[in-house]
Amino acid sequence: MKTVFLLSPAYCGGRRASILLNPKSQALTTREMRAGRLSLGDAFAFMSGLYFRGKLAYAQRFGDVLVITPTRGLQDPDLPFSLALLREFAVGDVSLDNPEYRSALEKDVIALASRIGATARVVLLGSVASGKYVDVLLPILGERLRYPIAFVGRGDMS
C-alpha cells in the first residue's frame, strides 16, 4: 500500500527566517540559499528546528513526501528554496479564509487523490487541532486521510 506524507509548513516569519533574510548573515543555511543549494525541506527544517526535521526524516524513510506551503499548495521537499520564496511564504497566511492558500492546496490534493488511487494512505504530519489542513484534506481524501492520534488537540505541536 502506497503511503504519502503531507507535512505542515514551517513558520516563515520568525527569528530563524530573519537569519535567512539578513544579507549579512554568514549562517551555513543562508550561504546555501544564496548559492541556490538550499531545498524547501532543509529551509523548513532550519526555520522549525527539530520538529520539522523529525517529520521530514520519518516521512522520507517510510513513504513519499509533500510539503504543504502557504501559497503554492503541495510541494516536493527538494524544491529549490530562494529568498523570493521565503518572502512569498512569510506573507502567505495558512488559513481557510485565505483563498490563495486554500485554492492552491485544494487543487494539488485533488490531483494527488487522482494519482494515488483508492488504496493509498495519506498521512498528515501536522496539527489537527484546527481545520486549516483537515478541512481541506478530508473532503477530498476521505478514508485515505490518516494522522497520528498523538496529534489530536495539539495545535502548537508541543
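The values are calculated or read from the model by the stated rules, or taken from the named source; none is laboratory data. Model, not experiment: these values are computed from the prediction. Neighbour counts run over all protein chains shown; Cβ positions are idealised from the backbone, glycine included. Areas reflect the complete protein model, heavy atoms only, side chains present, ligands, DNA and RNA absent. Shrake-Rupley method; radii C 1.70, N 1.55, O 1.52, S 1.80 Å.
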Q) What is the gain in length, in nm to one decimal, between Ser114 and Glu143 on full extension, counting 0.36 nm per residue of separation less the C-alpha to C-alpha distance? A) 9.0 nm
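Give me the dipole magnitude in Debye, nearest 20, for the chain about the Cα centre, with unit charges on the beta carbon: positive for Lys and Arg, negative for Asp and Glu.
Dipole size: approximately 460 debye.
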**Q.** Val65 accessible area, assembled protein chains, probe 1.4 Å, Å²
**A.** 20
Q) Once Lys and Arg get +1 and Asp and Glu get -1 on their Cβ, which of Gly73, Thr29, Ser8 lies farthest toward the positive end of the dipole of the chain? A) Thr29
Q) Which percent of the accessible area of the range 1-119 is formed by carbon and sulfur heavy atoms (probe 1.4 angstrom)? A) 54
Q. Given the range 49-101 reduced to its alpha-carbon atoms as identical point scatterers, what log10 I(q)/I(0) does the Debye formula return at q = 0.19 Å⁻¹?
A. -0.76
**Q.** Mean Cα-pair separation over length for the chain, i.e. relative contact order, pairs under 8 Å, 6 or more apart, %
**A.** 27
Q: Counting only heavy atoms of the protein chains, get the accessible area per residue of the range 73-123 (1.4 Å probe) and round it to a whole Å² value.
A: 52
Q: Starting from the residue with the highest accessible area, list Arg15, Arg121 in decreasing order, probe 1.4 Å.
A: Arg15, Arg121
Q) Share of antiparallel DSSP beta bridges in the chain, in percent to the nearest 5? A) 20
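If R₀ is 22 angstrom, what is the calculated FRET efficiency for the pair Arg61 and Arg31, using the beta carbon separation as r and rounding to 0.05?
Values: r = 28 Å, r/R0 = 1.26.
Efficiency, from the Cβ-Cβ distance: 0.20.
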(Q) Angle check, please: helix 131-141 long axis (alpha carbons) against the longest principal axis of the chain (alpha carbons), in degrees 0 to 90, nearest 10. (A) 50
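Rank these residues by their accessible area, most exposed first, probe 1.4 Å: Lys107, Lys132, Lys2.
Lys107, Lys2, Lys132
Roughly how large, in nm² to one decimal, is the mean projection of the convex hull of the alpha-carbon atoms in the range 1-81?
Reported value for the Cα convex hull: 5.3 nm².
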Q: Mind jotting down the distance between the C-alpha centroids of the range 47-84 and the range 112-152, whole Å?
A: 16
Q | Share of Cα-Cα pairs in the range 1-154 lying beyond 29 Å, as whole percent | A | 15
